[in-house]
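This report refers to the structure that appears directly beneath it.
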Amino acid sequence: MPDTHDSAAAHGASEGDRHGIHATLNLTRRSFMATGAGAAIAATARIPPARAAPTGIPFGGAIQFEYFDDRPYRQAFLDHCDIVMPMNELKFGLLQRERGQFDFSRSDTLVDFARDNGKASRGHAFLWHSTNPPWVDALNDERDTESVVIDHIERVADHYRGRLASWDVVNEVIAHEPREAGGPLRDTIWRRNLGPRYIPLAFETAARADPDALLVINDYDLEFAGDRYDARRAVMLDLVRQLQDGGLHVDAVGCQAHLYAHFKVDVDALARFKEELEGMGVAFIVTELDVIDFQIRGGVEEQDAAATVVVSDLLDGVLSGRPPLAVVAWGITDRYSWVDDAMPHEDGKPSRPLPLDVDLRPKPWYDAMKARLLAAS
Ligand code: XIL
């Protein structure tokens with residue numbers, strides 16, 4: 001998850017040369033690809049079909065079980081979304097709180113809600129550094145950790161086979177500042193116990209467990225202007241390349257798009273990044289769109305004006321080249337969002353992160369975005 005109030009960290013990040021990234025990448029093909037979990041899958045560079053919405057690029061929203069009883073909230077997803085996905089309920093700690101005991105009840109409620117209403121859904125996420133149960137954080141044996149990874153992905157992917165169009169196989173594997181010592185990968189329980197090979201291991205297992213799901217590598221801070229963001233994009237390209245070199249499918253890169261309203265999206269760099277991925281047969285999907293406006297002074301008008309700029313810049317980058325698979329927002333209404341918990345305004349003013357306000361009225365930036373998604377198909 002992005003550091004809270006990470007603007008200071010982002011701007012204060014030391015400048016490193018881009019070659020340094022590759023020098024420190026430390027993912028030799030051998031260490032990275034030594035999955036030890038069976039034969040690699042032949043790469044066929046399958047280019048995912050654009051998952052067509054009735055018209056336009058599909059738009060989605062992440063729904064939360066704890067608010068499911070709020071009927072207007074629930075209805076808003078049906079009114080506005082082609083994709084309705086569980087926000088938290090498919091995370092490791094919510095599915096397998098105790099080792100070997102899987103509880104799919106909450107995630108099933110949400111996935112069934114989507115399906116019963118003719119909506120697609122997607123999975124977030126097999127492996128992450130956060131929201132792990134205590135027993136996972138206590139793992140300290142390589143073979144044991146490997147069997148936990150394989151077992152979890154197999155069980156969960158199998159349970160949802162045919163019901164989830166895509167999976168975030170790994171989430172936020174790139175270090176916040178990938179040029180710092182210890183980078184470019186984030187220090188996680190998975191990396192600590194397995195080394196970098198946990199990433200191909202996860203992709204290999206997911207591909208075997210649900211051959212039809214599109215497999216996504218998902219991360220944040222892939223869209224802004226600045227050296228740290230250039231570094232993160234470069235690391236992502238390297239990761240995808242290495243997975244492909246090892247014979248694994250990566251169907252898409254997920255760009256979370258938690259958009260800091262006071263940051264600048266690097267439209268050209270984003271378009272180039274996307275083009276490079278396209279050249280490798282890898283699609284692009286916006287997975288967690290919302291606007292983080294705690295640095296925006298003034299009132300609702302200023303907040304929405306800033307949001308309009310940052311979202312429109314994102315779309316300029318994302319809509320260049322092949323259409324993205326989808327644009328998914330991290331919620332649907334300002335009634336419920338993680339943004340005010342993680343990055344609140346100092347003066348207590350409510351954030352306005354999501355397409356609909358607290359009264360479920362569409363924001364101007366949402367209307368504009370919807371029109372562009374419709375036109376871009
Ligand atoms: C957040 C959810 O929105 C919160 O409800 C939860 O308490 C913590 O996780 N990046 C991610 C998401 O990949 O899973 C995070 O979601 C937000 C940042």
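The values are calculated or read from the model by the stated rules, or taken from the named source; none is laboratory data. Everything numeric in this text was worked out from a predicted model, so none of it was measured. So basically every Cβ, Gly included, is an ideal-geometry build from the backbone, and we count neighbours across all protein chains shown. In case anyone asks, the SASA skips ligands and DNA or RNA and just uses the protein heavy atoms, side chains included. Shrake-Rupley method; radii C 1.70, N 1.55, O 1.52, S 1.80 Å.
Numbers at a glance
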read-out	value
Of all accessible heavy-atom area on the chain, the percent that carbon and sulfur account for (1.4 Å)	49
Rounded to 5, percent antiparallel among DSSP beta bridges of the chain	10
Residues in the range 52-91 reached by a label modelled at Gln101 [backbone nitrogen below 18 Å; 7 Å Cα→Cβ]	91
Accessible-area order (highest first, 1.4 angstrom probe) of the listed residues Ser130, Ser166	Ser130, Ser166
Whole-Hz couplings from phi, Karplus 6.51/-1.76/1.60, listed for the range 232-247; x for Gly and Pro	5, 5, 5, 5, 4, 4, 4, 4, 4, 4, 5, 5, 5, 4, x, x
Charged-residue dipole, Cβ positions (Lys, Arg, Asp, Glu), the chain about Cα centre, Debye nearest 20	1000
Contour minus Cα-Cα distance for Asp158 and Lys264 (0.36 nm per residue)	34.1 nm
Pairwise label distance in nanometres, Leu237 with Ser147, each label 7 Å out on the Cα-Cβ vector	4.2
Kirkwood-type radius of the range 195-293, with distances r between different C-alpha atoms, in Å	14.1
Relative packing of peptides 323-329, 137-143 - highest average C-beta neighbours within 10 Å first	323-329, 137-143
Accessible area in the full protein assembly, largest first, 1.4 Å probe, for Leu270, Leu360	Leu360, Leu270
Ranking by accessible area, most exposed first, for His80, His345 with a 1.4 Å probe	His80, His345
Distance (nanometres) between label positions extended 7 Å along Cα→Cβ at Leu78 and Val300	2.7
DSSP bridge orientation in the range 136-281 - percent antiparallel, rounded to nearest 5	20
Centre separation in Å (Cα based) which lies between the range 146-212 and the range 76-103	17
Debye intensity ratio I(q)/I(0), log10, the chain, q values 0.10, 0.14 Å⁻¹ (C-alpha model)	-0.59, -1.25
Probe 1.4 Å, accessible area per residue of the range 105-246, Å²	31
Radius, Kirkwood style, for the range 227-343 when every pair of distinct Cα atoms is counted (Å)	15.3
